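Student: Provided herewith is a single structure, encoded as structure tokens, for subsequent inquiry.
A short reminder: the numbers here are calculations on the coordinates, not readings from a lab. Predicted, not measured: the structure shown is a model, and the values here were computed from it. Cβ coordinates were reconstructed from backbone atoms using ideal geometry, including for glycine residues, and neighbour counts include every protein chain displayed.
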Amino acid sequence: MVGGPGRAVETVATSAADDNAFRALIDACRLSADLPEARIVGGQMVGILTLVYPDAPRVDRRTADADLGISTQIASSSILHDRLRNADYVATSGNHYELGEAQIDVLAPSPDGSFRSAVSGGRGIDLTPGLGLALSSAPVVVDLGITFLDGHHERTSVRVPRLEVAVLLKAFATTSRSAPKDYTDLYNLLSIAYRYGAEAIGGWRLDASDIIGARRDCATILHALADGASANPAIAGAHVEREEFVALIRELVFRERT
């Protein structure tokens, strides 16, 4: 499944917000289909991975937009910006595009492991840690069918990072904000890793003692979250069991002894 033809999965919109989020997802995938270094990330990424790996415990959550990660080279050109504008999306800020209630955020890799804004190609863009690894790794390619609220059905091919890289992206997200949705997403992803194992999810290196770079940073972040879980109100808001969340991290992620 990683890097090759994807498993066909289905999802259903249950609200107008879902309709808008799925419309944005379809548009983001269509407009970036020929760009090798483009991936759907964020909440849609997690939702799609839970469809691909359905036999793991999860907490359902929805997202209101589509996050599209692209390379620095693509960001510095006008190609995606022009395509979005030609598709009638309006750039309401440097990297945020709207078509009615459909919203697409465009992200690029951070060169220094920090979240920050920058100017690329004359437009502002948010730089995201871990995205470079997501773009350089073979994606999970998913043939996604969507039934909209009015009953009509569409299909799209979605490229998302493989599961380990998705965990890394979500772990880094907790360093810039403390939002319950990120802990819900981490719980769902870690549950998949535990249930399915390394081979089925395209590899898992976060439990290795020789990890370096972004993976080592991710492991440090995750264990800090586990250590502080009892005092973290965002985890309570994520509607996950604290003890289970901590146990998943302890089981799946290498901890450096000090």
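Student: Near residue 148, within a Cβ-to-Cβ distance under 10 Å, what is the net charge of the other residues, with Lys and Arg +1 and Asp and Glu -1? Could you put the intermediate results ahead of the total?
Tutor: On the way: positive: 23; negative: 18, 19, 150, 154.
Cβ neighbours under 10 Å give a net charge of -3.
Student: Could I ask something else about it? Say we join alpha carbon atoms closer than 10 Å with springs in a Gaussian network model of the chain; which of 162, 177, 83 then has the biggest fluctuation?
Tutor: 177
Student: With an 8 Å Cα cut-off and a minimum separation of 6 or more residues, compute the relative contact order for the chain in percent.
Tutor: Numbers: 466 pairs, mean separation 55.7, N = 258.
With pairs under 8 Å counted, the relative contact order is 22 percent.
Student: By the gyration tensor of its Cα atoms, with a ≥ b ≥ c the square roots of the eigenvalues, what is the shape of region 164-252: rounded for a/c under 1.5, prolate for a/b over b/c, or oblate?
Tutor: Prolate, because a/c is 1.5 or more and a/b exceeds b/c.
Student: Let me ask something additional. Which helices count as membrane-span-like in the chain under these terms: full DSSP H, at least 20 Å along the axis by C-alpha, Kyte-Doolittle mean of -1.0 or more? Please report the intermediate quantities before stating the final value.
Tutor: Values: long enough: 16-31 (22 Å, 0.21); 180-196 (24 Å, -0.56); 213-227 (21 Å, 0.10).
Helices passing the filter in the chain: 16-31, 180-196, 213-227.
Student: Among DSSP bridges having both ends in the chain, what percentage is antiparallel? Round to the nearest 5.
Tutor: That works out to approximately 70 percent antiparallel.
Student: Under unit Cβ charges (Lys, Arg +1; Asp, Glu -1), what dipole magnitude, rounded to 20 debye, does region 164-252 have relative to its Cα centre? Walk me through the intermediate numbers first.
Tutor: Working: 9 positive and 12 negative charges, 47 e Å.
So the dipole magnitude of region 164-252 works out to roughly 220 debye.
Student: Among 102, 28, 118, which one shows the highest mean-square fluctuation when the chain is modelled as a Gaussian network with alpha-carbon springs under 10 Å?
Tutor: Of 102, 28, 118, the Gaussian network model singles out 118 as fluctuating most.
Student: Rounded if a/c is under 1.5, else prolate if a/b beats b/c, else oblate: with a ≥ b ≥ c from the C-alpha gyration tensor eigenvalues square-rooted, which is region 1-67?
Tutor: Working: a/c = 1.90, a/b = 1.10, b/c = 1.72.
Cα axes put region 1-67 in the oblate bin.
Student: Could you order peptides 148-158, 163-173 by the average number of other Cβ atoms within 10 Å of their residues, highest first? Kindly include the intermediate steps, with their values, before the conclusion.
Tutor: On the way: 148-158: 13.0, 163-173: 26.3.
In descending order of packing, they fall as 163-173, 148-158.
Student: Further question on the same structure: Restricting to DSSP H runs of at least four residues, report the calculated mean residue ellipticity at 222 nm for the chain, -39500 (n - 2.57) per run over all residues, nearest 500 deg cm²/dmol.
Tutor: Values: 10 runs with 105 residues, N = 258.
Here the helix-only value at 222 nm equals -12000 deg cm²/dmol.
Student: For the chain, what class follows from the C-alpha gyration tensor (a ≥ b ≥ c being the square roots of its eigenvalues): rounded when a/c is under 1.5, otherwise prolate if a/b is larger than b/c, else oblate? Please list the in-between numbers first.
Tutor: On the way: a/c = 1.62, a/b = 1.33, b/c = 1.22.
Note, shape of the chain comes out prolate.
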